[in-house]
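What follows draws every value from the coordinates through simple rules; no lab data is involved. This one's a predicted model, so the numbers in the text were calculated from it and none came from an experiment. Virtual Cβ from ideal backbone geometry, glycine too; neighbours counted across all protein chains shown.
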Amino acid sequence: MIRIAVILGSTRPGRLGKPVADWVLARASERGDAVFTLLDVADFELPLLDEPVPPSLGRYGHEHTKAWSAAVDAFDGYIFVTGEYNHSIPAALKNALDYLYREWNNKAAGFVSYGSSGGTRAVEHLRCVAGELQLADVRAQVALPLATEFEHYRRFIPSEAAETNLQALLDQLIAWAGALKVLRPNAAPHKTVPRKEGGLAA
C-alpha cells in the first residue's frame with residue numbers, strides 16, 4: 001500500500017501547525033487507500049545543516065542525519081504542513097529538506113499551508129525547492145487563512161471548503177505516489193486499493 005508522511009515543518013513554540021497536521025492525519029487515515037504517518041521535524045532535533053559533504057552523495061556522518069534519512073526514505077509521498085514566515089517557509093523545514101536528496105527523488109508532494117494569506121507565498125517557494133529535489137508536486141493545495149480558519153487567530157476550525165480541498169489534494173497525491181513507483185527500482189509495485197465508503201471521489 002502507498003505510504004504517505006505528513007511532515008510538520010514548524011518547530012516554533014506554540015506553533016499553529018500541530019492541530020493542522022493532526023487534522024490532515026485524521027482525515028487522511030479515514031480513507032483506507034494509503035497509510036499515513038506524522039513526521040514532526042521537531043522530533044529529529046536537526047541542527048543547522050552540519051554534514052561535510054553534499055547530501056546528493058549520500059554519505060552521512062551524523063546519527064541525526066541517518067535517523068532523518070531512514071524516516072523520510074520509508075515513504076512514497078509527503079504532505080508538507082507549513083506556515084508562512086516572511087513570505088517563505090520556516091527555516092527548520094528548509095533545513096530538513098536540505099539534509100537529504102535521494103530520499104526525496106521521484107516521489108509525490110502536496111502542501112497544506114497556513115498564514116495571513118493562507119500560506120500561499122510559502123508554498124510558491126516550497127514548490128521550487130521540491131522541483132530541485134525531484135519531488136513531483138500536485139496542483140491541489142489547502143490554504144488556510146488565519147482570519148477565517150482559526151478562531152481568534154489561534155484555534156483551528158477547518159471550514160467545509162478546507163475539508164473539500166484536502167480530499168482533492170489526497171486524491172491527487174495518492175494517484176501520483178503510486179504512479180511514480182515505477183521510477184524507483186527498489187520500490188514495491190503499487191496496487192490500487194478501493195476507497196472507504198463516504199469519501200469524496202476525485
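For segment 133-180, enumerate the residues that are crowded, with 20+ Cβ neighbours inside 10 Å, in a strand (DSSP E or B) and not aliphatic (A, V, I, L, M). Scanning segment 133-180 gives D137, Q141. Would it be correct to say that V72 is surrounded by 21 or more Cβ atoms within 10 Å (Cβ to Cβ), farther than 17 Å from L180 by Cβ and under 11 Å from the mean Cα position of the chain (by Cα)? So V72 fails the test.
For segment 1-34, which positions are of a type in the set (K, R) and in a helix (DSSP H, G or I)? Passing the criteria: K18, R27.
From the list Y60, Y78, pick out the single residue that is surrounded by 15 or more Cβ atoms within 10 Å (Cβ to Cβ), under 28 Å from G178 (Cβ atoms) and either of a type in the set (F, W, Y) or more than 15 Å from the chain's Cα centre (by Cα) (or both).
Matching residue, one of Y60, Y78: Y78.
Among the residues of segment 61-70, not a single one is touching a residue at least 40 places away in the same chain (Cβ under 8 Å) and over 18 Å from A91 (Cα atoms). Just so you know, in segment 143-161 the residues that are in contact with a strand residue (DSSP E or B) (Cβ under 6 Å, 6 or more places away or on another chain) and without any contact (Cβ under 8 Å) to a residue 60 or more places away in the chain include one that is nearest to S113 (Cα to Cα), and it is A143.
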